[in-house]
1. Could we say that Met63 is surrounded by 14 or more Cβ atoms within 10 Å (Cβ to Cβ) and either in a helix (DSSP H, G or I) or in contact with a Phe, Trp or Tyr (Cβ under 6 Å, 6 or more places away or on another chain) (or both) here?
2. Taking segment 26-49, which residues are closer than 22 Å to Ser88 by Cβ and either modelled with pLDDT of 90 or more or aliphatic (A, V, I, L, M) (or both)?
3. Looking at segment 142-174 only, could you name the residues that are of a type outside the set (Ser, Thr, Tyr), under 18 Å from the mean Cα position of the chain (by Cα) and exposed (fewer than 10 other Cβ atoms within 10 Å of the Cβ)?
4. Take Glu193 and tell me if it is farther than 24 Å from Gly232 by Cα and either assigned by TED's automatic domain parsing to the domain that holds Ile53 or modelled with pLDDT under 90 (or both).
5. For Tyr52, state whether it is of a type outside the set (Lys, Arg), in contact with a Pro (Cβ under 9 Å, 6 or more places away or on another chain) and modelled with pLDDT under 90.
6. Is it the case that some residue within segment 100-123 is modelled with pLDDT of 90 or more, loosely packed, with under 14 Cβ neighbours inside 10 Å, assigned by TED's automatic domain parsing to the domain that holds Gly39 and within 21 Å of the chain's Cα centre (by Cα)?
7. Cβ-Cβ under 8 Å, sequence separation 6+ or interchain: first residue in segment 62-85 and in contact (Cβ under 8 Å) with a residue 60 or more places away in the chain, partner polar (S, T, N, Q). Which pairs?
Amino acid sequence: MAGVSRLQYSTEIKLIRVMCSGRVDLEFILRAFSNGMDGVFIGGCRLNECNYITHGNYDALNMVLLCRKIMEHIGLNPQRLSIEFMSSGEGIRFTEVVDDFCKKVRKLGPLGNGTEINQDELKPKLAEVRKLIPYIKIVKRKKLTSRLENEEEYDKLFSSEEIDKLFSEVVSYYIDPDKCQACMICHKRCPVEAIVGAKNRIHVIDQDKCIKCGTCFEACPPRFGAVKTLCGQPVPHPIPEEERTIVRKRKKSGINASITTDI
């Protein structure tokens, strides 16, 4: 069981249920806060008592530990996010845990309260982080799939310094126009259609759309090596539209022929 709750300052609590806590994605939590939710509660089966071989509750735990550190990084109180493990037969305990969480969030007040980042700055920050979720999952894949045996390990899984470094050293991807062969492979595989290009046209990555998943880097044939990774430096401006047509040379009947195509 899992829930995302809107804690208003009445008794109303809105709950969204899914089959397994492991299906609660980082995007769900950040989107909830972006939509003005004051707290997010996730309830999962007891660790090591999962009904599925996936043991998704471990994934949920790791994701929450990561999300709390991200919340700290952007200026949100991590106590607004809670995860608890219990069996489906513990109705009384579930009620007590949710009541305690509601009281805690009511005490914290609405988002942007006290020492937290104000709401005008919060939404852009959350939007920036949400855009990087695929990148974050790739970089932290190993830790996100680990199994923590006791609560003493929780605070050690992700450090504040580690999260600061994660966001300060974000990798960007850039297609070298001198090496691009317009093979269309990266263009076809990009999951968010962030690559602008066509047959015999040098490809360009739209940095505003790019989610930094690295698919283009992995897809580019090694013999071309056109996709570059950049860290800690600005991405070069894309070449002008009128300069993107590739001029190919081929031999025909013993004569070198220069062919320009723009199909």
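The values are calculated or read from the model by the stated rules, or taken from the named source; none is laboratory data. Since we're looking at a predicted model, the values are computed, not measured. Note: ideal-geometry Cβ built from the backbone for every residue, glycine included; neighbour counts use all protein chains shown.
1. yes
2. Taking segment 26-49 as the starting set, the residues that turn out to be closer than 22 Å to Ser88 by Cβ are 28, 40-49.
The answer is Phe28, Val40, Phe41, Ile42, Leu47.
3. The answer is Lys142, and nothing else.
4. On the way: farther than 24 Å from Gly232 by Cα: yes; either assigned by TED's automatic domain parsing to the domain that holds Ile53 or modelled with pLDDT under 90 (or both): no.
No.
5. Details: of a type outside the set (Lys, Arg): yes; in contact with a Pro (Cβ under 9 Å, 6 or more places away or on another chain): no; modelled with pLDDT under 90: yes.
Considered against the rule, which asks whether it is of a type outside the set (Lys, Arg), in contact with a Pro (Cβ under 9 Å, 6 or more places away or on another chain) and modelled with pLDDT under 90, Tyr52 comes out as no.
6. Yes, segment 100-123 has at least one match.
7. Asn62/Thr145; Asn62/Ser146; Lys69/Ser159; Lys69/Ser160; Glu72/Ser160; His73/Ser160; Ile83/Ser21
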